[in-house]
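**Student:** Take a look at this one; I'll ask things after.
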Amino acid sequence: MRALQWRGPNRLAVGEVPDPAIKTRADVVVRVRLSATCGSDLQLLGGDSPYVGKGDVLGHEFVGEVVELGADVQRHHVGDRVVVAPVIACGRCWFCSQYEYSLCDNGGCFGWSHAGSHAEYVRVPFADVGAFTVPDEVADERALFASDAASTGWMGADMGGVNPGDVVAVWGAGAVGQLAARAAQLLGADRVLVIDRYDNRLRQVEKHIGAETINYERTDVVATLLDRSGGRGPDVCLEAVGRPGTVGEAVTACRKGGSVFVLGLFAGLVDRFPLGAISVKGLTVRSARMHGQRYIPMLLQRMAKGELTTEHLATHVMPLEEAPEGYRLFRTREDGCVRAVFRPGS
Ligand SMILES: NC(=O)c1ccc[n+]([C@@H]2O[C@H](COP(=O)([O-])OP(=O)(O)OC[C@H]3O[C@@H](n4cnc5c(N)ncnc54)[C@H](O)[C@@H]3O)[C@@H](O)[C@H]2O)c1
Ligand SMILES: [Zn+2]
Ligand SMILES: [Zn+2]
């Protein structure tokens, strides 16, 4: 089959790889309908990540159609349209029993050491745990983002503790930040503010999410946030960028006793971190990789009701054969690219 492979530092190419097959009784094989780029993928491209090797297939946010079933699969049939959580989880270990799927003892992640979704087919392990049937009324371009961006954003607002009436600030107007902002609204936040420097992304936030925006190149972020939260600072700060500086800014802006949730993915050590402010201000600071399985069914229901629309994020839909160019646009943000989305077999 055709798939997008990592061939070396910043070298991507579409090539031939073996077709996946059922390996365990809990697997299904899915024919990919759409597969999206994600900010997390950018960390893999440069070649200093242990999670990618020559020839590996990238991609973890996808919607597809079940074409083959393992003998023990209960919840799926051939022909079902499914959204798959990027994080693979067994559903049986202690962590899965706590719904902390990304901490699974037997888990993994598509496109990170495992086969990825920028391909014609993907084997989905533990399919009864990680794949979810898409309601007929939800189109692929909307369902796709229940996989990662919407469930990650929702996790930030949920585990960040957004309450009705809150002021919530979100750093980053990528797909994750935008959908974290939408989640905060749906959880009852009074005021949601999204920070970025790309005007096209901020315009999407205003038009499709209905949140306020701050361009950090033109505005003093912390002063503006204080001003718009009665001088106290936001109740909840969601970091959807993945830089130490933005986590620090969130800590600085957050109100005393407030909560900071870090959605950005980090590796290794970070110095000059404002630990003092966390303790003096009594902040709660949390982070996690996404627990998609926890949120995807609820998100698909909200998508079916029209409460959650995401198709505006798919700014560049293209054949899988053009995926290297899609990554270039996504990485450089050229042409207003928010998410490049690949359609195999076209
Ligand atoms: N926790 C998880 O499981 C999980 C899942 C998906 C993505 N992520 C992470 O979430 C983050 C966002 O993902 P994405 O796909 O939306 O990424 P993206 O690259 O599309 O968007 C990131 C945005 O942050 C903005 N930004 C950069 N510096 C900023 C600053 N100082 N202040 C405000 N905004 C700033 C960029 O302009 C960009 O628009 C990434 O770090 C990604 O790795 C985590
Ligand atoms: Zn992702
Ligand atoms: Zn598990």
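**Student:** Would you say ALA288 is among the hydrophobic types (A, V, I, L, M, F, W, C), more than 28 Å from ARG343 (Cα to Cα), open to solvent by 50 Å² or more (accessible area, probe 1.4 Å) and within 16 Å of ligand 2 (Cβ to nearest atom)? Even if it seems obvious, please write down each step before you answer.
**Tutor:** On the way: among the hydrophobic types (A, V, I, L, M, F, W, C): yes; more than 28 Å from ARG343 (Cα to Cα): yes; open to solvent by 50 Å² or more (accessible area, probe 1.4 Å): no; within 16 Å of ligand 2 (Cβ to nearest atom): yes.
The answer is no for ALA288.
**Student:** Kindly list the number of the only condition in (1) away from ligand 1 (no atom under 16 Å from the Cβ); (2) at pLDDT 95 or above that fails for LYS54.
**Tutor:** (2)
**Student:** Here's a follow-up. Can you tell me which of VAL87, VAL83, VAL63 is in the same structural domain as GLU311 (by TED's automatic domain parsing), buried (at least 19 other Cβ atoms within 10 Å of the Cβ) and more than 21 Å from ALA323 (Cβ to Cβ)?
**Tutor:** VAL87
**Student:** Could we say that TYR51 is of a type in the set (Phe, Trp, Tyr), open to solvent by 40 Å² or more (accessible area, probe 1.4 Å) and either in contact with a Lys or Arg (Cβ under 9 Å, 6 or more places away or on another chain) or not assigned by TED's automatic domain parsing to the domain that holds PHE132 (or both) here?
**Tutor:** Working: of a type in the set (Phe, Trp, Tyr): yes; open to solvent by 40 Å² or more (accessible area, probe 1.4 Å): yes; either in contact with a Lys or Arg (Cβ under 9 Å, 6 or more places away or on another chain) or not assigned by TED's automatic domain parsing to the domain that holds PHE132 (or both): no.
Here the answer is no, as TYR51 does not meet what is asked.
**Student:** What single numbered condition from (1) within 21 Å of THR152 (Cβ to Cβ); (2) within 16 Å of ligand 3 (Cβ to nearest atom) fails to hold for PHE62?
**Tutor:** Looking at each condition in turn, PHE62 falls short on (2).
**Student:** Within segment 270-285, restricting attention to residues that are open to solvent by less than 60 Å² (accessible area, probe 1.4 Å) and assigned to a helix (DSSP H, G or I), which residue is farthest from GLY160 (Cα to Cα)?
**Tutor:** GLY276
**Student:** Working only within segment 68-94, note down all residues that are outside any loop (DSSP other than H, G, I, E, B) and either free of Cβ contacts under 8 Å to residues at least 12 places away in the same chain or in contact with a Gly (Cβ under 7 Å, 6 or more places away or on another chain) (or both). Don't jump to the end; show me each part of the working.
**Tutor:** Step one: filter segment 68-94 for residues outside any loop (DSSP other than H, G, I, E, B), giving 68-69, 81-84, 87-88, 94.
Scanning segment 68-94 gives VAL82, VAL84, VAL87, ILE88, TRP94.
**Student:** Can you tell me which of (1) touching a strand residue (DSSP E or B) at 6+ places or on another chain (Cβ under 6 Å); (2) outside the structural domain of THR246 (by TED's automatic domain parsing); (3) farther than 15 Å from ALA36 by Cα is the one ALA169 doesn't meet?
**Tutor:** (2)
**Student:** Let me ask something else about it. Can you report the number of residues in segment 1-26 which are out of contact with any Asp or Glu (no Cβ under 8 Å at 6 or more places or on another chain) and either open to solvent by less than 10 Å² (accessible area, probe 1.4 Å) or of a type in the set (A, V, I, L, M, F, W, C) (or both)?
**Tutor:** The qualifying residues number 6.
**Student:** So which of ALA119, ALA115 ends up being under 23 Å from THR310 (Cβ atoms) and among the small types (Gly, Ala, Ser)?
**Tutor:** ALA119
**Student:** Is it fair to say GLY130 is touching a Lys or Arg at 6+ places or on another chain (Cβ under 8 Å) and within 16 Å of ligand 2 (Cβ to nearest atom)?
**Tutor:** It is false that GLY130 is touching a Lys or Arg at 6+ places or on another chain (Cβ under 8 Å) and within 16 Å of ligand 2 (Cβ to nearest atom).
**Student:** Which residue, of ARG339, ARG343, is surrounded by 20 or more Cβ atoms within 10 Å (Cβ to Cβ) and basic (Lys, Arg)?
**Tutor:** ARG339
The values are calculated or read from the model by the stated rules, or taken from the named source; none is laboratory data. Since we're looking at a predicted model, the values are computed, not measured. In this analysis, Cβ positions are derived from the backbone assuming ideal geometry, glycine residues included, and neighbour counts consider all displayed protein chains. Note: areas computed on protein heavy atoms with side chains; ligands, DNA, RNA excluded. Shrake-Rupley method; radii C 1.70, N 1.55, O 1.52, S 1.80 Å.
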